[in-house]
Structure formats: C-alpha cells, structure tokens
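Student: Let me begin by handing over the structure; questions about it come next.
The values are calculated or read from the model by the stated rules, or taken from the named source; none is laboratory data. This structure is a prediction, so every number in the text was calculated from the model and none was measured. Here the Cβ is made from the backbone with ideal geometry for all residues, glycine too, and neighbour counts use every protein chain on show. Heads up: the accessible areas ignore ligands, DNA and RNA and are worked out on the full protein's heavy atoms, side chains in. Shrake-Rupley method; radii C 1.70, N 1.55, O 1.52, S 1.80 Å.
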Amino acid sequence: MKKIAILGSTGSIGTQTLEVVEQNKDMEVTALAAGSNIRLLEQQIRQFRPRLAAVWSEEKAKELRTAVADLDVQVEAGMDGLIAAATEASARIVVTAVVGMIGIRPTIAAIRAGKDIALANKETLVTAGHLIIPLVKEYGVRLLPVDSEHSAIFQCLNGEHGNRISKILLTASGGPFRGRTREQMKDIRVEDALKHPNWSMGQKITIDSSTMVNKGLEVMEAKWLFGVEMDQVQVVVQPQSVIHSMVEFEDGAVMAQLGTPDMKLPIQYALCYPERRLMGGERLDFRKLKEIRFEEPDFENFPGLSLAYEAGKTGGSLPTVFNAANERAVSMFLNRKIGYLTIVDIIESAMARHSVISAPSVDQILEAERETYDYIESRW
C-alpha cells in the first residue's frame, strides 16, 4: 500500500492528487493539510479517512475538530500542523502542493523524516534550493517533480544517467495574452487574466502563467532539480501545450515528452515512479493534431521572465525577493488594488532595492520575504 500525505489538499493539485488516489486502490492517504477551506477538507477526511489533518488557523482547527468529532482523526493547526502532516509516521511520500514559501519548513521536515517528496511547491526550490538539494542527498530520499514541465524533463532523463545535458528546453503556452504588447495589456482585468487557454489551475498560478512569471519560477526550479546553470534552461513557447518539455544532450539528440494537458498524468507518475499505470482520459491524437508550433518568448512585453533569469543567475536571497514580490503583487491584483502591468513593476522595484545575501538560512529567507512585503506595503 502506497501511503501518502498531501499538503494543500483543497487546492488544484491537491484535489487532482486525490482523484488519482481514488483510481488506485493500492494508495492510502494518511495525512491532509489545507489552508482554510474546512468544508472541502471535511469532505476529504470523510472520504479518505486520514490519520491526521491540519489547517492554518487554530480557530479553523477547532471548527474542524467539532465537524469530524465522530471520526478517528487528529486535527492540528499552524506551521506545527503542516509539519505534523509532512512527517506523519506511516506516510512514505509527501505531496507538497501548498502555495508559497510556507512549504519550505514542512518540506525540510519531511526530508529529515525520510519521506520521498512529490514536489508541486516550486517556491521551495526557487528560494531554498541550496538547502533542499543537499538535504535530499544526505537523507537519501527521492525528489519527484509534479509540475508538468519538470516531470517531462525527468521522464526524458530516464535511462540517461551519466549522459551530459547540453540544455533544457522548457516549454510555455505563452498564456492568454501571447502576442500582445504592454500597451495592449494595460487595461487587463482580473477576469481576463484568469482565462488560461489550455490548463485548469488555481488563481495565483494562472495569473503567473499570464505574466510569464510562472515560467521564470520554473526556470529557477529546473536549475536545482537537474543540476544545470540558468543559461542551460531555454524557454520555448509551444502554444498547444502538447510538448511538455525537452532535453538536448551533448551529442545534439533531443528527447521530448508529449501528452494532453492533464495534470493527473505527472501526479500519478510521481506517486507510482518508476511504474507507469493505466490512466483514463483523453489521449493525444496525431491525426487531429496536424502540426506543432514553436515561438520565441517575448522578453520585451513580458519582462517578468527576464527578471527571473536575473534573479536566478544572481542567486542567494534575490529569488526569494522575486517570488515574494510576485506573490504580494498578484494578491493585490486579484483584489483589484493594482493594475495588471504593475505586478511586474513591483517585482522589478523590490529586486532593485534588495541587498543580496549569498547563502541565506531558512530564517534569512523568511526575513527577506517579510522585508519585501513591508517594502511593497509602504509603496503601493
């Protein structure tokens, strides 16, 4: 029986992970953690019967304890609750699907507890990759990517141990505003930015995809996951989202992973690795596909991608500032406090005023996040 803990169970990745579990009778959920959606969390607890559940606030935890008082489940709260879920004794793999740097401490705790990590929380590697990767090696656990692009790269590298990577070709759909100028995007509304052409995702990542900031975060994540330099990760726009990413080796051969845009495929692959299993759903039909198009990314009109390369090359605490500024700016945009183009303006401003720490500790990473939030609140 594959015993699984899921951090972020009520979000897009979390709910799809539970759909995968539902279709695989040899999988068991032992812990669930969520933010504040205790109504959905209660439903999940009743269906999957975990030993432990966690929510962020103690008030919500009390409410949840009352709601599930008839069940044998331990309910915890806050960061301690997240860590308890990540280290639940019987779990063998932890799906980290929380959004933001809140995932750093529970991921570290899970690694130290000997758990394999199915990573869907890219911010953990973006901001703390220099801490996470050595820990993974020290404790001998597996770090399995769940993002479709990184799963694709991981799959392309199977059987290629020892063969050198020339470059990673990280694909991007281009988002809903591909081909538009900044002038044409100045009046973008929240509703417009939440309409992704191919993928069904949570609000924050959908906005990030539209600004290309998400692709910048994925470039930084790929650097750590696959041990390459930032310049070895090349973004390629592939509007149909059929090719999920590619790897070019030193002999010039290119491996690509293709499939329909369905997040359950990389989720199931991570949970079952190295086994592949039957999964329902639509299949890629090349008779209907006819062609696959490629474009260069538009760095001029989507400068968030350029800023991500700058942050990743500089390293240290600058990726934390990039990520934190984007998180706060996206939240402000979703709450209609700033315009769409101001998201990237805020990131650029926060990066410009930051004094970089070369190898920050977890406490210094979280302090850089707090300072970035304070700066933004004082300016916008």
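Student: Mind checking which residues of the stretch 125-150 are small (Gly, Ala, Ser), under 19 Å from Ala113 (Cα atoms) and outside any loop (DSSP other than H, G, I, E, B)?
Tutor: Ala128, Gly129
Student: A follow-up question, please. Criterion first (surrounded by fewer than 17 Cβ atoms within 10 Å (Cβ to Cβ), closer than 24 Å to Ile93 by Cα and small (Gly, Ala, Ser)) does Ser57 satisfy it?
Tutor: Against the criterion (surrounded by fewer than 17 Cβ atoms within 10 Å (Cβ to Cβ), closer than 24 Å to Ile93 by Cα and small (Gly, Ala, Ser)), Ser57 does not qualify.
Student: When Ile153 is evaluated against the numbered criteria (1) under 30 Å from Lys195 (Cα atoms); (2) open to solvent by less than 10 Å² (accessible area, probe 1.4 Å); (3) in a strand (DSSP E or B), which criterion, by number, is the only one it fails?
Tutor: Unmet for Ile153, out of (1) under 30 Å from Lys195 (Cα atoms); (2) open to solvent by less than 10 Å² (accessible area, probe 1.4 Å); (3) in a strand (DSSP E or B): (3).
Student: Right, Lys137: basic (Lys, Arg) and crowded, with 24+ Cβ neighbours inside 10 Å or not?
Tutor: For Lys137, the condition - basic (Lys, Arg) and crowded, with 24+ Cβ neighbours inside 10 Å - is not met.
Student: So which residues in the stretch 48-93 are touching a helix residue (DSSP H, G or I) at 6+ places or on another chain (Cβ under 7 Å) and basic (Lys, Arg), if there are any at all?
Tutor: Of everything in the stretch 48-93, just one residue is touching a helix residue (DSSP H, G or I) at 6+ places or on another chain (Cβ under 7 Å) and basic (Lys, Arg), namely Lys60.
Student: In this structure, is Ala33 touching a residue at least 40 places away in the same chain (Cβ under 8 Å), among the small types (Gly, Ala, Ser) and open to solvent by less than 20 Å² (accessible area, probe 1.4 Å)?
Tutor: Answer is yes for this residue.
Student: Next question, about the same structure. Specify which of the listed residues (Thr87, Thr96, Thr66) is polar (S, T, N, Q) and either crowded, with 22+ Cβ neighbours inside 10 Å or in contact with a Ser or Thr (Cβ under 8 Å, 6 or more places away or on another chain) (or both).
Tutor: The conditions single out Thr96.
Conditions (1) more than 22 Å from Leu144 (Cβ to Cβ); (2) open to solvent by less than 40 Å² (accessible area, probe 1.4 Å); (3) touching a Gly at 6+ places or on another chain (Cβ under 6 Å), marked per residue:
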residue	(1), (2), (3)
Lys167	yes, no, no
Gln184	yes, no, no
Met212	yes, yes, yes
Glu229	yes, no, no
Gln232	no, no, no
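Student: Scanning the stretch 275-314 for residues that are open to solvent by 90 Å² or more (accessible area, probe 1.4 Å) and of a type in the set (Asp, Glu), which turns out farthest from Ala128 (Cα to Cα)?
Tutor: Glu291
Student: When you go through Val247, Val219, Val236 one by one, which is the residue that is open to solvent by less than 50 Å² (accessible area, probe 1.4 Å) and outside any strand (DSSP E or B)?
Tutor: Going through Val247, Val219, Val236 in turn, just one is open to solvent by less than 50 Å² (accessible area, probe 1.4 Å) and outside any strand (DSSP E or B): Val219.
Student: Scan the stretch 194-204 and give yes if some residue there is surrounded by fewer than 17 Cβ atoms within 10 Å (Cβ to Cβ), assigned to a loop (DSSP other than H, G, I, E, B) and free of Cβ contacts under 8 Å to residues at least 40 places away in the same chain, otherwise no.
Tutor: yes
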